[in-house]
Amino acid sequence: MLIKNIKKVFAVLISAVMIFSYCTIPVSADDGISIVVNDEKLVFDEGFPRIIGSGTTMVPFRLIFEALGFSVSYNKGTNESGEEWFRIWAIKSDEDIRIDLYLGSHSLYKSKNSVYEESTDPNKLLVVAEEYHMPEAPYIDETDCTLVPVRIIAETMGADVGWIPETKTVTVDYNRCGDNLTYKVNKGVLRISGTGDMWDYSSDNLPAYAGKDIQKVVIDSGVTSIGNYAFYNCTSLQSVELGDTIINLGEYSFAGCKSLSSIELPNGAQKIKGNALSGCSSLKSIRIPKSVVYMAMSAFADCNSITDIYYTGTRMQWVGIGLTETNVKADSIAKYKSAEIHYQSE
């Protein structure tokens, strides 16, 4: 659970049971559990991963961080009370992410590395970071290996974590949004690259990048469909660039993107599914290619600001996908009755 108001007393942080020593913690055998990161199975030494406490999967810290593309560092010291502390931090420079955690502490800190480095406050980690609670604290086992909980680590970094009970496999998909698709978020720009379809999501299972301050989406050529709920409620999204291989816009794919003012579908697009852009209250113009063979009447529901629809086909082709001037301009679920339709080919 994210804690917005973090206490700014550094001494309290490092004095809370952060002893750099061997820890005795109830442990069960790994029982054949596997961990797969982006389709690559991690290779552990014998005896790992470990299950502790109420069932938390613990793994060597360096292995999981580096598998997710982070560089890792650590240091240790002694606080004012003479107690030893041990700190681990991991940085992913291309995404400006920093993760900090302490041996024996249930707190995990996530910050933008650039902000952390620029801060002049002596307690800068507590000032600039968001705090998350880990179900089990990092500890050093009898083999002198430092272990961390895999799920909260991965999810805090923005990964999707799943469990396949049949094979006892923990799956970690980091910066992936399709079987052959990856994404990066940098300074408000989300870019998706690769080949094939995006995964479908739902309102209670959104992609890992959901909630980030995404202002622009760029879909590279090679991506063939926008998944259901892919950008649902990205309220800061202002512009979209769709690659020329896009065929389908999934259900609710851009629904609730209240800052989006225009969108152009590429030539070759075929289907605009239900509520694909519903609730885009600032949407004013749409480009729809004549290649579209199906467009749900709810595709632009509650888009009351639309003034212009640019259709690259003829009037008869427009009627052929089930839309006419009459039902588009009627007070129906389409909700763009005041839009003017521009036929670019007669």
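The values are calculated or read from the model by the stated rules, or taken from the named source; none is laboratory data. No experiment lies behind these values; they were computed from the predicted model shown. Cβ coordinates were reconstructed from backbone atoms using ideal geometry, including for glycine residues, and neighbour counts include every protein chain displayed. In case anyone asks, the SASA skips ligands and DNA or RNA and just uses the protein heavy atoms, side chains included. Shrake-Rupley method; radii C 1.70, N 1.55, O 1.52, S 1.80 Å.
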(message) Looking at segment 177-200, I want the residues that are closer than 19 Å to residue 234 by Cα and of a type in the set (D, E, K, R) and have a partner that is modelled with pLDDT of 95 or more and buried (at least 19 other Cβ atoms within 10 Å of the Cβ) with Cβ atoms under 7 Å, at least 6 apart or on another chain. Which pairs are those?
(response) 200/227; 200/228; 200/250
(message) Being farther than 20 Å from residue 74 by Cα, modelled with pLDDT of 85 or more and open to solvent by less than 30 Å² (accessible area, probe 1.4 Å) is true for just one of 169, 156, 182. Which residue is that?
(response) 169
(message) So residue 217 ticks every box in (1) more than 26 Å from residue 193 (Cβ to Cβ); (2) touching a strand residue (DSSP E or B) at 6+ places or on another chain (Cβ under 6 Å) but one. Which box is left unticked?
(response) (1)
(message) Could you check segment 156-195 and list, in sequence order, the residues that are within 24 Å of residue 98 (Cα to Cα) and acidic (Asp, Glu)?
(response) 160, 173
(request) Please enumerate the residues belonging to segment 113-143 that are open to solvent by 40 Å² or more (accessible area, probe 1.4 Å) and free of Cβ contacts under 8 Å to residues at least 12 places away in the same chain. (result) 117, 118, 120, 121, 124
(request) Considering only segment 97-175, give the strands (runs of 3 or more DSSP E) lying wholly within it that have at least 3 residues that are hydrophobic (A, V, I, L, M, F, W, C). (result) 97-102, 160-164
(message) Being open to solvent by 40 Å² or more (accessible area, probe 1.4 Å) and in contact with an Asp or Glu (Cβ under 7 Å, 6 or more places away or on another chain) is the filter here; which residues of segment 57-77 pass it?
(response) 76
(message) Return the residues of segment 41-77 that are of a type in the set (S, T, N, Q) and at pLDDT below 85; say none if nothing qualifies.
(response) 54
(request) Could you list, in sequence order, all residues of segment 78-100 that are open to solvent by less than 20 Å² (accessible area, probe 1.4 Å) and of a type in the set (Gly, Ala, Ser)? (result) 90
